[in-house]
Amino acid sequence: MLALVLALVAQAAPTSMLVRPLELGEAAPETRAVALLRVRVEDPAAAETSAELAQKLLAPVRQESFVSFVSMYEKRPTREARGVLGTFSRTMLDPVVAEAVFEGEAVQAGPLEGRDGGVYYVRRIERDAACRQVLVAANDGTARERAEALVRELRAGADFSRVARERSADRASALRGGDLAIFERGRRDVLLRAAAFEARVGEVAGPIETPLGFHVLQRVGVAALSPSLRDDSWARVRAILVAFSGAPGAQADIEREHDDAEALANELAARIARGEDMAALAALHDDDRGGRERRGDLGWVRRASTEMPQFFDGLFLQPPGTLIGPVATRLGFVLLRREDSGLRSRVEVRRSPLAELVQSLDVRASDGPASPAAATALAAWRVLAEDPTLRVELEAALPRLSSSADLKAWCALQPESRRAPALEVARTLAALEPEFLAERWPESARRIDAAMAELRERQVALFDAALDVSLRELRLSDPRGVVRVGLVTRAAPTERGSTPRFLALGDVATMFDELLASTVLASTAGGNESTPVIAALRSAYGPRATLAIEALVRAQSASVVRRAFAPDYRGHSAADALAERLGALWLGHVERGEPLDATLKALSALAR
């Protein structure tokens with residue numbers, strides 16, 4: 001039905017073979033949730049016109065039952081009548097319907113004669129529903145009885161947030177006091193989504209059974225939940241299509257064969273990974289209709305609403321900025337990347353033989369005398385590090401560079417004044433690389449991959465919730481960016497107060513703590529300077545404020561890890577007595593509920 005709705009839209013706008021419609025505005029499009037019935041009688045000899053059939057179908061339907069009626073025709077459409085429930089932008093609807101939905105004052109409109117010849121009846125409905133949850137894990141009779149008892153207790157007035165924190169089996173939402181999600185109306189919402197929309201604000205609903213167990217929900221106002229819990233519905237996308245001769249839609253002058261197209265797509269992927277501008281490459285190589293003129297920009301795509309290939313779903317599963325592909329399709333090979341920052345900050349953990357080799361230089365030097373080649377490479381690295389900007393940029397790039405050849409290509413993109421020290425590092429690493437890849441990297445890669453698998457299991461369930469809690473308790477806003485961290489067997493020491501770029505192998509709680517601290521530290525600058533916690537520390541500690549902020553962030557991260565999944569976790573030992581006392585004061589606030597104002601005064605007093 002979605003494809004049908006989109007096919008009916010008359011557009012005098014740019015088009016693409018990959019995405020329809022193209023939403024090229026600077027911001028994500030405005031949307032409305034609607035229940036829509038479309039009736040069209042195509043047989044000219046039929047006894048009834050489209051308008052007459054629509055009127056006949058709706059005659060017994062009361063206005064308050066219209067949504068249920070549309071839902072019935074969405075699940076069981078007929079040849080002449082189809083229903084649609086969901087959230088759409090203006091360009092996803094027939095222009096006549098869009099005008100009624102976006103410009104009209106009436107909640108319900110119809111009959112409307114669409115430009116496609118169909119007759120429409122449409123009603124605006126609630127777009128968002130926010131809810132909290134308590135989960136009782138298991139699907140047996142005992143679990144059902146526990147869930148039903150919870151419903152009675154909560155309806156009798158028990159504090160939902162407290163019950164969720166103490167008794168919910170879903171630790172992610174439990175950390176937030178049960179805050180689960182702000183759902184956006186979709187097509188054929190079921191289970192938790194359906195229950196959230198059916199409940200009134202403040203109502204306790206359930207238990208609802210899913211494969212995870214029994215869920216007890218409470219619908220709350222949208223403003224009660226963090227905006228980061230909204231459905232991640234829109235993504236800004238850039239793509240490059242590399243077509244081959246004979247592919248559907250390919251220009252007649254494309255002569256490359258299938259294998260040549262695949263080779264070019266792989267080459268472009270490698271160049272983008274090394275830091276080349278994807279938009280500039282798209283302007284030269286994108287074979288999508290109008291793609292070169294748009295520099296690969298596909299605009300905003302909406303999950304489950306935009307007509308697009310299924311593999312585009314990966315845009316909502318990977319951190320923004322992650323290159324996807326090349327993906328083989330009947331049109332050719334597609335590279336795509338999410339260009340917006342998403343709804344919340346993300347951590348992306350990567351591993352790279354080059355990053356492991358670079359980190360091993362300092363580590364091996366501290367273990368004892370290095371080989372002549374390693375000593376030369378270490379000396380070149382230290383010369384490069386004299387330019388702090390170049391060092392930070394290279395450390396950020398290392399996790400996505402796989403070899404010294406990738407590093408040489410990255411160097412070519414740097415300003416000429418910085419290029420020489422980076423190229424010297426690449427040259428000296430190239431001399432070490434063959435032995436390293438043959439003798440050291442296979443075992444390192446095995447250990448890193450095992451650690452990443454265990455870490456991601458925790459990240460999927462808990463990281464977003466842990467980040468939400470940390471930012472809220474520190475009174476910070478979410479910078480909505482990606483913190484990229486390289487995972488290595490042993491990480492070289494970093495300057496105190498700096499955001500770690502490399503994470504050493506360890507137990508899951510320690511790695512989780514480091515990742516969380518890295519993300520929160522990145523958010524303590526740029527837009528968060530005026531928050532009461534950061535402002536108080538900067539005012540009281542002056543030149544030592546960076547160290548004081550780091551001490552608080554590390555205490556906060558360790559606290560959340562304890563609450564999330566490791567009750568006995570102690571965190572990293574304090575570097576000095578001041579940091580230890582700062583951390584203890586802060587934990588008195590976040591774990592024992594001591595007032596923020598009193599805590600900030602005590603923190604400031606320590607500086608004196």
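Observations
- Contour minus Cα-Cα distance for R480 and S245 (0.36 nm per residue): 80.5 nm
- Order by protection proxy (mean Cβ within 10 Å, highest first), peptides 36-44, 435-443, 115-123: 115-123, 36-44, 435-443
- Accessible area per residue in Å² at 1.4 Å probe, computed on the range 382-509: 49
- Computed with a 1.4 Å probe over protein heavy atoms only, the accessible surface of the range 190-321 comes to 44 Å² per residue.
- Calculated FRET efficiency for the pair K75/A430, C-beta based, R₀ 60 Å, to 0.05: 0.45
- If a spin label sat at a point 7 angstrom from the Cα of R490 along the line to its beta carbon, the backbone N atoms of the range 502-541 nearer than 18 Å would be those of 502-507.
- Here's the list of lysines a cross-link from K75 could span, going by alpha-carbon distance under 22 Å and ignoring same-chain residues fewer than 8 apart: K56.
- Long-range tail of P(r) for the range 439-561 (Cα pairs > 16 Å, %): 63
- When both the range 95-170 and the range 7-78 are represented by their alpha-carbon centers, they are found 22 Å apart.
- With a Förster radius of 45 Å applied to the C-beta separation of A270 and A137, the computed FRET efficiency comes to 0.50.
- At R0 = 51 Å, FRET efficiency that the Cβ-Cβ distance of A149 and D340 yields, to 0.05: 0.70
- What the range 37-137 shows is 51 Å² of accessible area per residue, with the surface traced by a 1.4 Å probe over protein heavy atoms.
- Inter-probe distance in nm under a simple model that places probes 7 Å from Cα toward Cβ, at T210 and A379: 6.0
- Length gained on full extension, V222 to D43: 59.8 nm, using 0.36 nm per residue less the C-alpha separation.
- A simple spin-label model places pseudo-atoms 7 Å from Cα toward Cβ; at R162 and E393 they are separated by 5.5 nm.
- Mean-position separation - Cα centroids, the range 419-458 and the range 188-257, in angstrom: 36
- Taking the accessible area of the chain, probe 1.4 Å, and keeping the other protein chains in place, the carbon and sulfur fraction comes to 49%.
The values are calculated or read from the model by the stated rules, or taken from the named source; none is laboratory data. All of these numbers come straight from a predicted model, not from anything done at the bench. Here Cβ is always computed from backbone atoms with ideal geometry, including for glycine, and neighbour counts include all displayed protein chains. Heavy atoms of the whole protein, side chains included, go into the accessibility calculation; ligands, DNA and RNA do not. Shrake-Rupley method; radii C 1.70, N 1.55, O 1.52, S 1.80 Å.
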